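Visitor: The structure's right below; bear with me while I get my questions together.
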Amino acid sequence: MIQEMTAAVLYGKEDVRIERLPVPIAGAGEIVVRIHAALTCGTDLKVYRRGYHAKMLTPPIPFGHELAGTVYEVGAGVTGFHEGDHVVALNSAPCDQCYFCKRGQQNLCDDLLFNNGAYAEYISIPSRIVEKNTLLMPDGLPFEHAALTEPLACVLRGLEESSPEPGDSMVVIGAGPIGLMFMHAAQIAGQHVIAVVKHDEQIAAARTFGAEHVIQTTAVDDPVAAVRALTPNHRGVDIAIEAVAIPTTWQWAVDMVRKGGTVNFFGGPPSGTRVEFDTNRLHYNDITLRASFHHTPATARKAFELIKSGKFKCREYITGRAPLAQLGDVLRKLMNHPADIKTAIIP
């Protein structure tokens, strides 16, 4: 058996180091996966920039959470997976016993078990994730496509929470990886998507992933008015998805939605952030405010089925590839190059 591996460890703000660590050993109920592709994402970039994540990790800690690979070792008692199987292992699993799990809110589980360390050659998958949130890949599905399951699961849950109907109008504010994923998933589901973007490079990407109209914030005086102008009688959109995570765009989302519409604050701002809203507008216009976090085993499986169906544009979503040794360079580049969506890190 291999004794050591290369892995990325997050130590703090913009401090990720490539180190030699012991290869994990599969305990009872666990599997060890040899990683073939780990994807960068907006959350990892935010964690790298801030040096922490309020829910998922505290440095120093192995880094990364979107992965697919091959089962390298199977622990005692595991019957559903075998050495050599191609798998996607999600980054968490609920307990299914607490108050929230029993109410169908597994994303809020009191004992939600997170797993990080995808930017590595190998990763240990805890028994609960093996049991509840590890999926067997079909032959022919590329590893880097399968690794899109986790973020897409979060997006599909966000869409479900927003209660869209086919034909609804939806604005997605933000054209990062998650914003683009919302656009594409909504377009596949039959919604008419308006994208609000900042950078020139994001215009083409928004159109590629299903936006019928694109508003560039630097090209209009008032993004709210520009979005409302695209709706009948300027009434506003049925659903507004906020995927930037700053107070200004949270306020825009509320002002872009119609009477009786729904706003989903999907982007997570830094701890301590405060936002002001016009309470009269919220109350007298009967606006629903939601904030969706994370995924559930059910939405993970829905996401995986969508990826396997071929309807989702996985190939267009992966805009770069790099070896693990270049992870730091990749993260620094992603902070300054909005045209890059996701980079597949290949150990």
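Laboratory data are not the source of any read-out in this text; all were calculated from the coordinates shown. Note that the coordinates shown come from a computational prediction; the quantities given were computed from them, not determined experimentally. Positions of Cβ are generated from backbone atoms using ideal geometry, with glycine treated the same way; all protein chains shown enter the neighbour counts.
Visitor: Once you list every other residue whose beta carbon is under 15 Å from the beta carbon of Val214, what net charge do they have if Lys and Arg are +1 and Asp and Glu are -1?
Guide: Working: positive: Lys198, Arg207; negative: Asp200, Glu201, Glu212.
Surrounding charge for Val214 is -1.
Visitor: Go through the range 232-243 residue by residue and turn each phi into a ³J(HN,Hα) via Karplus (6.51, -1.76, 1.60, θ = phi - 60°); whole Hz please, and just put x for glycine and proline.
Guide: So the J values, rounded to whole Hz, are x, 6, 6, 6, x, 7, 5, 9, 10, 10, 9, 9.
Visitor: Let me ask something else about it. Over the chain, what is the mean sequence separation of C-alpha contacts under 8 Å (at least six apart), divided by residue count, expressed as relative contact order in percent?
Guide: Values: 788 pairs, mean separation 61.8, N = 347.
Normalised by residue count, the contact order of the chain is 18 percent.
Visitor: Another question, then. Starting from the Cα of Lys311, step 7 Å along the direction of its Cβ; do the same at Thr217; then give the gap between the two resulting points in nm.
Guide: Placing both labels 7 Å beyond Cα along the Cβ direction yields 3.1 nm.
Visitor: Right, next: Determine the shape class of the range 155-290: with a ≥ b ≥ c the square roots of the Cα gyration tensor eigenvalues, call it rounded for a/c under 1.5, and otherwise prolate if a/b is greater than b/c, oblate otherwise.
Guide: Because its axes are fairly even, with a/c under 1.5, the range 155-290 counts as rounded.
Visitor: Over what distance in Å are the Cα centres of the range 163-185 and the range 270-347 separated?
Guide: Cα centroid to Cα centroid, the span is 11 Å.
Visitor: Let me ask something else about it. From the square roots a ≥ b ≥ c of the eigenvalues of the alpha-carbon gyration tensor of the range 1-110, which class results: rounded (a/c under 1.5), prolate (a/b over b/c), or oblate? List each step's numbers first, then the result.
Guide: Working: a/c = 1.99, a/b = 1.03, b/c = 1.92.
Oblate, because a/c is 1.5 or more while a/b does not exceed b/c.
Visitor: Using 0.36 nm per residue, how much length does the chain from Ile18 to Phe114 gain when fully extended, once their Cα-Cα distance is taken away?
Guide: Working: separation 96, 0.36 × 96 = 34.56 nm, distance 2.14 nm.
Between Ile18 and Phe114, full extension yields an extra 32.4 nm.
Visitor: What pairs in Lys198/Lys333; Lys132/Lys333; Lys102/Lys132; Lys13/Lys302; Lys311/Lys342; Lys198/Lys342 have C-alpha atoms more than 25 Å from each other?
Guide: Numbers: Lys198/Lys333 18 Å; Lys132/Lys333 35 Å; Lys102/Lys132 15 Å; Lys13/Lys302 34 Å; Lys311/Lys342 18 Å; Lys198/Lys342 18 Å.
Over 25 Å apart, Cα to Cα: Lys132/Lys333; Lys13/Lys302.
Visitor: Return the whole-Å distance between the Cα centroid of the range 72-115 and the Cα centroid of the range 204-263.
Guide: 36 Å
Visitor: Kirkwood-based Rg over Rh for the chain (C-alpha set), two decimals? Don't skip to the end; give the middle numbers.
Guide: Details: Rg = 20.2 Å, Rh = 20.7 Å.
Ratio of gyration radius to Kirkwood radius: 0.98.
Visitor: Which percent, nearest 5, of DSSP beta bridges in the chain are antiparallel?
Guide: Numbers: 33 of 60 bridges.
The antiparallel proportion sits near 55 percent.
Visitor: To continue, here is another question. Kindly provide the chymotrypsin sites (Phe, Trp or Tyr not before Pro) of the range 114-168 that DSSP labels as loop, not H, G, I, E or B, and whose Cβ sees at most 13 other Cβ atoms within 10 Å.
Guide: On the way: sites: Phe114, Tyr119, Tyr122, Phe143; in loops: Tyr119.
Those that pass, being in a loop and sparsely packed, number zero.
Visitor: Using each residue's phi in the range 257-269, evaluate 6.51 cos²θ - 1.76 cosθ + 1.60 at θ = phi - 60° and report the 3J(HN,Hα) Karplus result to the nearest Hz, with x for Gly and Pro.
Guide: Per residue, the Karplus-derived 3J(HN,Hα) values read 8, 6, 4, x, x, 10, 10, 10, 7, 7, x, x, x Hz.
Visitor: In whole Hz and in residue order, list the ³J(HN,Hα) couplings for the range 23-38 that follow from phi through the Karplus curve 6.51 cos²θ - 1.76 cosθ + 1.60, θ = phi - 60°; x for Gly and Pro.
Guide: For the range 23-38, the Karplus curve yields 5, x, 10, 6, x, 4, x, 9, 10, 10, 10, 7, 7, 9, 8, 10 Hz.
Visitor: Continuing with the same structure: By how many degrees, between 0 and 90 and to the nearest 10, does the Cα long axis of helix 149-162 differ from the longest principal axis of the chain?
Guide: So the inclination is approximately 30 degrees.
Visitor: On to the next question. Do the sum for the chain: with -39,500 (n - 2.57) for every DSSP H run of n ≥ 4, divided by all residues, what is the mean residue ellipticity at 222 nm, to the nearest 500 deg cm²/dmol?
Guide: Numbers: 13 runs with 105 residues, N = 347.
Counting only the DSSP helices, I get -8000 deg cm²/dmol.
Visitor: Check Ala37: other-chain or 5+ apart residues with amide H under 5 Å from its amide H, H built from backbone geometry?
Guide: Result for Ala37 returns Ala68.
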